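For reference, the structure discussed in these notes is given below.
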Amino acid sequence: MNITLHNTLSGKKEIFTPADPNNVTMYVCGPTVYNRIHIGNARPAVVFDVFVRLLRAVYPKLTYARNITDVDDKINKAAADEGVEISVIANKFAQAYQEDMAALLNTEPDVQPKATEHIPEMVDTINTLIQRGHAYESEGHVLFHVPSMSDYGKLSNRKLDDMIAGARVEVADYKKHPMDFVLWKPSEDGLPGWESPWSYGRPGWHIECTAMINKHLGKTIDIHGGGSDLVFPHHENERAQGMCSCDDEGEYARYWMHNGMININGEKMSKSLGNFITVAELLEQYPGEQLRYALMSAQYRSTLNFTDDLLKQAKVALDRFYTALRELADVTPVAVEDITSLEVTQALADDMNTPVAIAALHELSSKIFKTEDQNEKAVLKGQMLACGELLGLLQQDPEQWFKAGNADEITAEAIEALIEDRKTAKKDKDFARADAIRQELLDAGVEIQDTREGTRWQRV
Ligand SMILES: [Zn+2]
């Protein structure tokens, strides 16, 4: 099956052709671990997880790496503010990141390299760049010399002269050119540092991704992903380092994919607006699966407007899908033989068109609600589960989904106890009491339904 994707490097939608179909390689820039991630950071994690699931379904092998930036001035500041060691901050938020990822139902990358564990590789890459005339040392710093690369700006589609004109920052006197960027900088005053040929210091941000990609995935990778806010300067600089540190004629990354940003209630997320919502805060109110659905409700390249309404729609849709699956609780699903034949797979293979994939799930549910045919039910259930797996949805027991509540809601135990009381009341022919319990549950947001198998309940 052909997968097409929009390649930022060419600005066009292209057919994805891996260098080696037996080992597809993909890298996504991960978090800088100094705080809890906000919903905007969660979007690339979810959209690229869906892409990873598609690649795994289509190709025999994928090696997917996502890094952890655990050396950064923001981490240094957070540690100084709290009066703790830098590693305390980095470890705490790396752990929190893993928890958020799991709650959003993301699969784990094959490799999660940490920057601090790859300092020798970064020093090597910097040395190579100096030897090849693309970088220079100055006052304990090492800088990449931007004019040394003829097609610098190709990824972000910018011209060097325009960039210089746009650079309003005061140029440090150790730089030869205003656009030259830091590969290494000296550390003092208890900041984290490592010995190097140039100074006791620490790496710049961009070099870590290049060094870790080269180590874990090779000189040329198939796909590099990240948020569109990373195209410039981070990815432009990564590409410059990668292309200039080797003889290979090939591209550093052959396909670049960038997800769009998130607005909150129609407004850009920003510190000044104070509308950063963390994933942890949202998880207190909503199941991770609902957040995941909301994050994939728009095509990944477009801006996603994150609102209460969007979350409500996600709940309604998931309720519908789980209702369909619950109807088929006693049906043994027929396994899907060829996943590429499914509409959901085809929608994802078309530059990851998740809205079309979701529409196909709705169609499947409609068919489930309509059919009386047992064989068709078994086939449809198999398809629904396979599509769900591809999207990272619908993998829990429908009963679990309907019973999951929030911290401020009536507990499942309390609900079960009331249902038992109601059963006793009915047996004793105390129908007024039975009705009162039904109402009490309804007031607490719980709907009950008497079936042949007993009383079923769900939160509404
Ligand atoms: Zn990166």
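The values are calculated or read from the model by the stated rules, or taken from the named source; none is laboratory data. Note that the structure is a prediction, hence the values are computed from the model and not measured. A quick note on method: Cβ atoms are made from the backbone with ideal geometry, for glycine too, and the neighbour counts reach across all protein chains shown.
Of the residues that sit in segment 397-450 and are under 18 Å from residue 322 (Cα atoms) and aromatic (Phe, Trp, Tyr), which one is surrounded by the fewest Cβ atoms within 10 Å (Cβ to Cβ)? Checking each candidate, the answer is 402. Residues in segment 235-263 that are surrounded by fewer than 19 Cβ atoms within 10 Å (Cβ to Cβ) and under 18 Å from the mean Cα position of the chain (by Cα) were compared, and the one that is farthest from the ligand (Cβ to nearest atom) is 263.
Quick one: which of 273, 295, 304 is modelled with pLDDT under 95 and away from the ligand (no atom under 16 Å from the Cβ)? Only one candidate qualifies: 273. Kindly establish whether residue 173 is modelled with pLDDT under 95, closer than 19 Å to residue 238 by Cα and not in a helix (DSSP H, G or I). Answer is no for this residue. Residue 207 meets all of the listed conditions (1) away from the ligand (no atom under 13 Å from the Cβ); (2) within 25 Å of the chain's Cα centre (by Cα); (3) β-branched (Val, Ile, Thr) but one, namely (1). So, restricting to helices (runs of 4 or more DSSP H) that lie completely within segment 283-366, which ones have at least 2 residues that are farther than 22 Å from residue 103 by Cα and not basic (Lys, Arg)? Ranges flagged: 308-327, 343-349.
For segment 185-196, does any single residue satisfy the condition of being over 26 Å from residue 89 (Cβ atoms) and in contact (Cβ under 8 Å) with a residue 12 or more places away in the chain? Within segment 185-196, not a single residue is over 26 Å from residue 89 (Cβ atoms) and in contact (Cβ under 8 Å) with a residue 12 or more places away in the chain.
Out of 260, 218, 242, 227, one residue alone is of a type in the set (Gly, Ala, Ser) and on the phi > 0 side of the Ramachandran plot. It is 218. The single residue among 82, 121 that is surrounded by 14 or more Cβ atoms within 10 Å (Cβ to Cβ), of a type outside the set (Phe, Trp, Tyr) and either assigned by TED's automatic domain parsing to the domain that holds residue 206 or within 18 Å of the chain's Cα centre (by Cα) (or both) turns out to be 121. Applying the criterion of at least 2 residues that are more than 16 Å from the ligand (Cβ to nearest atom) to the strands (runs of 3 or more DSSP E) found wholly in segment 11-81 leaves 12-15, 62-66. The single condition among (1) outside the structural domain of residue 453 (by TED's automatic domain parsing); (2) over 30 Å from the mean Cα position of the chain (by Cα) that residue 430 does not satisfy is (1).
When you check residue 137 against the structure, is it within 16 Å of the ligand (Cβ to nearest atom) and either surrounded by 18 or more Cβ atoms within 10 Å (Cβ to Cβ) or not in a loop (DSSP other than H, G, I, E, B) (or both), yes or no?
The answer is no for residue 137.
Restricting segment 367-395 to residues that are over 26 Å from the mean Cα position of the chain (by Cα) and not in a helix (DSSP H, G or I) leaves a set whose member that is surrounded by the fewest Cβ atoms within 10 Å (Cβ to Cβ) is 372.
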